[in-house]
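The values are calculated or read from the model by the stated rules, or taken from the named source; none is laboratory data. What you see is a predicted model; the values in this text were computed from it and never measured. No Cβ is skipped: glycine too gets one built from the backbone with ideal geometry, and neighbour counts run over all protein chains shown. Quick note on the areas: whole protein, heavy atoms, side chains included, nothing else; ligands and nucleic acids left out. Shrake-Rupley method; radii C 1.70, N 1.55, O 1.52, S 1.80 Å.
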There are 2 protein chains.
Amino acid sequence: MIRIILVDDHAVVRNGYRRLLDAEPGLQVVGEAASADEANALALRTVADVALVDLSLRGSSGIEAIRGMLARQPALKVLVLSMHEGAGHVTQALRSGALGYLTKYSEPAEVIDGIRRIAAGKRVFSPEIAQVLAAEAIDGDGALAHLTPREFEVLRMLVHGESASGIASSMHLSPKTVLNYLTLIRQKLDADNDFKLLHLAARHGLVDIHHALGA
Amino acid sequence: MIRIILVDDHAVVRNGYRRLLDAEPGLQVVGEAASADEANALALRTVADVALVDLSLRGSSGIEAIRGMLARQPALKVLVLSMHEGAGHVTQALRSGALGYLTKYSEPAEVIDGIRRIAAGKRVFSPEIAQVLAAEAIDGDGALAHLTPREFEVLRMLVHGESASGIASSMHLSPKTVLNYLTLIRQKLDADNDFKLLHLAARHGLVDIHHALGA
DNA sequence: CGGAAGGTCGGGAATTTTTCCCGGTTTGCC
DNA sequence: GGCAAACCGGGAAAAATTCCCGACCTTCCG
């Protein structure tokens, strides 16, 4: 029996997965979380084999959820299920310990199959993601590649319009620390103004520019 | 019996809704579509009471799907279920004929309730969306409207990537004056950071976003 | 015509933000 | 263990922004 934790901030989506997975023999959902904090708390009291994680959680990022859960349950196998195909998201997720990455365009059967493979210790990727990874490999190190996970997370929230203090409280950090990260990020990305920052973030799929700014 | 059409490009999400709704007495999913084209074709051959539409479809927009379906089935009641809370999305959807707008943060029970209310001809909105609508109503003709010509021009150049000193020399002004204008602009637009500025400018068609970011 | 209202332009000082530098802790890896 | 790198935040210097001010000009209207 493969025990599964769902991490997604959309109640309806969690509900859908629970019904889908519980109906499958050998799979069982043992917990749900809607935020990184909830995921961390859940990982303390509920042991599972596989975590199905959506990257774009409401307050914070799924990256944080992954890191937190793995810190508490190192044996947990993480399968990311995200709408975002941007290279930045994928590499950050893998670097944070995720074993696989599917998009939400995947068919239910693919997801179920993916969970079984992940539980068996294998890696699983959507075709689109494989594309992205290949491009990344050819491209070399994108500008965002040598940001640390924390820096990446701060940047992600920033370009989504969060204020520094908002990021701080959301990540349980001192505002001062966030500001220091921001300085580092601007240096690493060689961005003298915020527009350039946004441009870089958009290029690497950190934010969908049309969706974020378009009418 | 309320007959429902699902329009969402995520197979897993559609699957989740189908399971959720079919399990509910009095509700029945009679069709699914993953794109605006599919939705239009579906509306030709399948009569339904309510359409549950996700705005961000892969190829085209859910707005298109709404218009197309309503053209073919004017009696169809459209309930938008989107991740996006942006004012632009909401007003566009309503203007296109949607009767209600829920976010994907809604609980399954809210969605089911919403469908029943929509089918009864009522309007349904998430609390977040109500907020957005209220803000929109108060905002009136749009924030950019009461910028002075000079302020407007400064903003336009700024979002095109110009630096403050660049704007100054280009407009034959003291850099100091430009900085003063920027302060005024940020106040008038209630933008505490540059991302919000860019967001507003883009929304009002002030700038081609790709060119603005130096692509 | 006079005068109020609003836009334009910039200086100087206060204020805030950003940067730079520091040290301590933790983590992963030879 | 020792090393490198990430993580976290304090403090002070440096830079940017805001706030407040006055001057000039045009427009509108009683």
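Determine which single condition A:ALA143 fails, assuming it passes every other condition in (1) within 14 Å of chain B (Cβ to nearest Cβ); (2) at pLDDT 85 or above; (3) out of contact with any strand residue (DSSP E or B) (no Cβ under 7 Å at 6 or more places or on another chain).
Only one criterion in (1) within 14 Å of chain B (Cβ to nearest Cβ); (2) at pLDDT 85 or above; (3) out of contact with any strand residue (DSSP E or B) (no Cβ under 7 Å at 6 or more places or on another chain) is unmet by A:ALA143, namely (2).
Tell me which residues, restricted to the range A:181-201, are away from DNA strand D (no atom under 14 Å from the Cβ), in a helix (DSSP H, G or I) and in contact (Cβ under 8 Å) with a residue 24 or more places away in the chain.
The answer is A:LEU198, A:LEU200, A:ALA201.
For residues in the range B:178-192 being within 11 Å of DNA strand C (Cβ to nearest atom) and open to solvent by 50 Å² or more (accessible area, probe 1.4 Å), which is modelled with the lowest pLDDT?
Going through the range B:178-192, the residues within 11 Å of DNA strand C (Cβ to nearest atom) turn out to be B:178-181, B:183-185, B:188, B:192.
Filter again for open to solvent by 50 Å² or more (accessible area, probe 1.4 Å), leaving B:179-181, B:183-184, B:188, B:192.
Values: B:LEU179: 92, B:ASN180: 91, B:TYR181: 90, B:THR183: 91, B:LEU184: 89, B:LYS188: 85, B:ASP192: 77.
By that ranking, first place goes to B:ASP192.
I want to confirm something. Restricting to the range A:93-119 and keeping residues that are in contact with a Leu (Cβ under 8 Å, 6 or more places away or on another chain) and hydroxyl-bearing (Ser, Thr, Tyr), which single residue is nearest to the other protein chains (Cβ to nearest Cβ)?
A:SER106
Select from the range A:7-51 the residues that are closer than 19 Å to B:VAL12 by Cα, free of Cβ contacts under 8 Å to residues at least 40 places away in the same chain, part of a loop (DSSP other than H, G, I, E, B) and within 14 Å of chain B (Cβ to nearest Cβ) and list them in ascending order.
Listed by number, the residues that qualify are A:ALA23, A:ALA34.
Give me the residue from the range A:152-172 that is of a type in the set (Gly, Ala, Ser) and within 14 Å of another protein chain (Cβ to nearest Cβ) and, out of that set, most open to solvent (accessible area, probe 1.4 Å). First the steps, then the outcome.
Residues of the range A:152-172 of a type in the set (Gly, Ala, Ser): A:161, A:163-166, A:168-170.
Going one step further and asking which of them are within 14 Å of another protein chain (Cβ to nearest Cβ), we end up with A:161, A:163-166.
Numbers: A:GLY161: 21, A:SER163: 45, A:ALA164: 28, A:SER165: 73, A:GLY166: 18 Å².
Ranking the candidates gives A:SER165 first.
Testing B:LEU76 on (1) within 13 Å of chain A (Cβ to nearest Cβ); (2) within 22 Å of B:ARG123 (Cβ to Cβ); (3) in contact with a strand residue (DSSP E or B) (Cβ under 6 Å, 6 or more places away or on another chain), one condition comes back false. Which one is that?
Here B:LEU76 meets the rest and fails (1).
Could you please let me know if B:LEU158 is modelled with pLDDT of 80 or more and under 28 Å from A:MET157 (Cβ atoms)? Walk me through it before giving the result.
Values: modelled with pLDDT of 80 or more: yes; under 28 Å from A:MET157 (Cβ atoms): yes.
In short, yes.
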